[in-house]
Each structure stands twice: as C-alpha cells, then as structure tokens.
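Each remark here refers to the structure printed beneath this line.
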Amino acid sequence: MRQEYFEGKRINFDVLDFGVPPFNEYRGDGYDDEKNYNGGDLSIWSYMMVKTITYRRLETQAAAYSNLERLQHDKFNVLKIPQFTIARKGTSPFRGLHVQYVVQYIPGRQITEEELESLYDDLVSKQSMYSFTEYSTAKFVRCNLDNHIYPTDLTPYKEMHPDDREKLWISR
C-alpha cells in the first residue's frame, strides 16, 4: 500500500494492481504542470478494461487461454496490441471455466473501411496459422494519442488457416 501526505494528512492508496500499466493517465481540471496545484481538482485517473468469458468445456477454455498467451508474443506490422494480462480459473463446468483478461483502454474512434483495408496483410494474408478472425470496423480503434490502430477485443485472435481467413474477409 502506497502512502503519501497532502496538506499534512496521510492519504492511503490501496488500489488494484492489474499487472499492466494504463495506456494514458488523465488529470483533473485543477492540475497545473507549472504550479503543481492551483486549488482545484487534483485527481489523476486511468482506464482499464476487463473481459471475463465463461466456458462450458475445458478444451474450449484451454484453447482460449492459449490463444491469448500466444497473442502476447505475436508481432504485426500495422496493428498494435495493447498490453494485457490473462488468467484462468476453474477446472469444472459445474463451477465455471473462466478466462479473464485485463487490457489497457485505448482512447480513440472506430476505424473506417479504408483503415480496415490497411490491416489486410496483418489480419488475413499473414503467413501464420494465428491471427484475428473478425473483420468489422467496430473491432478496431484508431488511437487519438498515438494514431495507431488497436483491436477492441482480443478473443477473435485464434488459429485459422490464411485461406479460411481470406474467405471470411471476402464474406464480411
């Protein structure tokens, strides 16, 4: 637990550690970089997203977890992958088979069809059995801080032959 002092009073910071730093931190209206404080809102905040998926079959849970582990080390040319951590819990469908990931929130806007086309090599023709398999503009965001394109959902990353990905791309 981190402790700091403000105006002589001790402040305790007991926050969750997600194991991944936020993509960006935002500051309250009262924060002034030069003066450090101007009497207003000094809050600093950040966003993280959590996705929890519950499976009914152990094999499906294991495959989903393995796909996310693989994604943490995969490389793309245009597409950027936000930092994330993954966990799985449960070994019985009666108690729940869960995969959960915590990922950086990427501020931005939904990409356009033209921007989606720029991802073709990364998504479809990539010479790997693993890539993203959903090709809607809603599945990607252009970050307004670094101008890169990021996926909004990591679970469509899975094993699929490039020829099958091509068919999906054409049918979208």
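In nm, to one decimal, how far is the modelled label at Asp74 from the one at Tyr130, with both set 7 Å along Cα→Cβ?
Taking the two extended label points, one gets 0.7 nm.
When the label point is put 7 Å from the Cα of Leu58 along its Cα-to-beta-carbon vector, which residues of segment 64-100 have a backbone N closer than 14 Å?
So the set is 89-98.
Quick one: dipole size for segment 49-171, taken about the Cα centre, charges +1 on Lys/Arg Cβ and -1 on Asp/Glu Cβ, in debye to the nearest 20. It would help to have the intermediate numbers written out before the result.
Numbers: 16 positive and 16 negative charges, 158 e Å.
For this selection, approximately 760 debye.
Pairs on different chains or at least eight residues apart, Cα atoms closer than 27 Å: how many lysine pairs in segment 49-171 fit?
22
Pop the C-beta distance of Lys167 and Trp45 into the FRET formula with R0 = 45 Å and round what comes out to the nearest 0.05. Let's see the in-between values first.
Values: r = 43 Å, r/R0 = 0.96.
Between Lys167 and Trp45 the formula returns 0.55.
Send over the semi-axes of segment 84-172's equivalent ellipsoid, whole angstrom and largest first, taken as the square roots of 5 times the C-alpha gyration tensor eigenvalues.
Values: eigenvalues 133, 76, 21 Å².
For segment 84-172, the semi-axes come out at 26, 20, 10 Å.
Apply the Karplus parameterisation 6.51 cos²θ - 1.76 cosθ + 1.60, with θ equal to phi minus 60°, to every residue of segment 142-153 and state each ³J(HN,Hα) to the nearest whole Hz, in sequence, with x for glycine and proline.
Ordered by residue, 3J(HN,Hα) equals 9, 5, 7, 9, 10, 6, 8, 9, 10, x, 8, 9 Hz.
Every number in this text was worked out from the coordinates using simple rules, so none of it is lab data. Keep in mind the model is a prediction, meaning the values are calculated, not measured. Don't worry about glycine lacking a Cβ; one is built from the backbone with ideal geometry, like all the others, and counts go over all protein chains shown.
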